[in-house]
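Derivation of every value follows stated rules applied to the coordinates shown; laboratory data play no part. What you see is a predicted model; the values in this text were computed from it and never measured. Because the Cβ atoms are built from the backbone with ideal geometry, glycine has one as well, and the counts that use them run over all protein chains shown.
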Amino acid sequence: MFRPGLRNLITDVPGLSVGHATCERAQSGATVVLCQGNWPASVDVRGGGPGTRETDALAPENLVGRVHALVLAGGSVFGLAAADGVTTALSARGVGLQLRPGSPAIPIVPAAVLHDLGNDGDKAWGLDPPYRELGIGALDAAGADFALGSVGAGRGAMAGLIKGGIGSASLELEDGLVVGALVAVNSIGSAVMPDGATYWAWPFELDAEFGGAPPPRTPLDTSDPAPEESRLLILGRLQPGSNTTLGVVACSADLSTVECKRVAMMAQDGIARAVRPAHTPFDGDTVFAIANGAVGLGSGQQRSAHVARIGSAAADCLARAIARAVYHSR
């Protein structure tokens, strides 16, 4: 039976480190996923209001298709500056593509942001938003162990009407193959059932990782979402682009950019399993997929079967990570 990795974090995939930087004054932050080298990558965007940077560089038909780091941040469009900080700091370390001798290294650092501008934090930053420095701080903090809950990109996040945040989970398959997920949950939909206690992701829980609560014993009445929708309207959360679930899934296989795209697409199912509703016009749901290339998958039909298995595991990990984000934030 497949089990979580040693840490039950995305960093169980060798070569990855994760760091957070949080601004308590603004009630926002940034999270960096740092790759050891430049890894094949792709992205799948399904929300109706995404905020992203350099996602076109990861399209299978385009040239690069690899990343040195990924950035998730709060702050809506202002949060994209966190990737500027990470890019500059990595270049100063000599990390990145070298197109000409003596020219600066060019790191590939795609990013996605969530909207947390409506919380109680101080957003009167004028011409100096904190996100560039938060990106650099998160990069400096990157390591194998990292906090879950209301930190980094998830500091100001909400999941429906309750706290969202940062979650992560992993799964060990056979032959050294490891799959992991990291998520920042700021969804319009709820991660818990109408009873307020049971996570929609409960069928995928391993080792009581988000509390071990049993499923309801009686059928749930989900026929009338109007009360929750009314409260969301009052809070101003039913606005395009004001909510999102940002995910990163990783594995230790030798995936191509095209195969990363398929894994990212399949991993989106994890959001649909753990958040209800998902992929709405108000969300900016975005999932990146990366691979370290350590485990060969062979060729032909067998390879395609392995990719499908990785995508399925990635969806399960993402669903578990979403529930863990809310569990640790609550």
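Values as computed for the structure displayed
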| item | result |
| --- | --- |
| Summed residue charge, Cβ within 14 Å of Ser256's Cβ, Lys/Arg positive, Asp/Glu negative | +1 |
| For the range 10-329, share of DSSP beta bridges that run antiparallel, in % to the nearest 5 | 80 |
| Among Ala124, Ala21, Ala294, residue whose mean-square fluctuation peaks in a GNM of the chain (springs only between Cα atoms under 10 Å) | Ala124 |
| Environment charge at Ser329 (Cβ cut-off 10 Å; Lys +1, Arg +1, Asp -1, Glu -1) | +4 |
| Segment Leu161-Glu174, extension gain: residue separation times 0.36 nm, minus the distance between their alpha carbons | 0.8 nm |
| Peptide ranges 165-175, 305-315, 147-157 listed from the most packed, as the mean C-beta count within 10 angstrom indicates | 147-157, 165-175, 305-315 |
| Residue-span extension gain [Val77 to Phe2] - 0.36 nm each, minus C-alpha spacing | 23.1 nm |
| Simple spin-label estimate for Ser256 and Ala147 in nanometres, 7 Å along Cα-Cβ | 4.3 |
| Max mean-square fluctuation residue, GNM over the chain, Cα-Cα springs under 10 Å, options Pro214, Pro14, Pro281 | Pro214 |
| Among Pro104, Pro40, Pro219, residue whose mean-square fluctuation peaks in a GNM of the chain (springs only between Cα atoms under 10 Å) | Pro219 |
